[in-house]
Amino acid sequence: MLLAIELPRFHELMTTGVVTAVHTAPGTALAPGTPLIDVRVDLSEAAAQDCPPVSWFRLVCREHGVLRALTAAEGSELAPGARIGLVTTTPDEASTGEPMRAARLTVAGILPPDTAW
């Protein structure tokens, strides 16, 4: 079965997120808990404060399968709901056509990298 990886909306005021790290590549076997990408979300324009509301998140796979495509590259800016990858549930499946559903993902808040400060 072909599954779509879509960028979730991490916060209701989020308009975009910037990919800060990519943890896997096409062809990788996925299991629950496999990290996919890290994303930085800056809500400064929507909620300006003395301390900018910037958060980092990690997108983690909850499916078994094979990553067939990942279009999210480090530094790319993505909108919530953007399709960033495709997963097949078995290695011999075709990765063409429309996905049957979205892949199950988990989002975890993470500490910013040392370079962020």
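The values are calculated or read from the model by the stated rules, or taken from the named source; none is laboratory data. Keep in mind it's a predicted model, so treat the numbers as computed, not measured. Virtual Cβ from ideal backbone geometry, glycine too; neighbours counted across all protein chains shown. What goes into the accessible areas is simple: the full protein's heavy atoms, side chains included, and nothing from ligands, DNA or RNA. Shrake-Rupley method; radii C 1.70, N 1.55, O 1.52, S 1.80 Å.
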### Message
Can you give the longest run of the chain that contains no GluC sites (Glu not before Pro) sitting in a DSSP loop with at most 12 other Cβ atoms inside 10 Å?
### Response
75-117
### Summary
Scan of the chain for trypsin sites (Lys or Arg not before Pro) in DSSP loops with at most 15 other beta-carbon atoms within 10 Å gives a longest site-free stretch of 10-61
### Task
Could you let me know the centre-to-centre spacing of region 84-98 and region 100-114, using Cα atoms, in angstrom?
20
#### Entry: Distant-in-sequence amide H partners of Thr24 (H built 1.01 Å from N, under 5 Å)
none
### Summary
Dimensionless Rg/Rh of region 2-107, both radii on Cα and Rh by Kirkwood, sits at 1.02
### Query
For region 2-107, which whole percent of the accessible surface, found with a 1.4 angstrom probe, sits on carbon and sulfur atoms?
51
### Summary
Over the chain, with neighbouring protein chains present, the accessible area per residue in Å² at probe 1.4 Å is 56
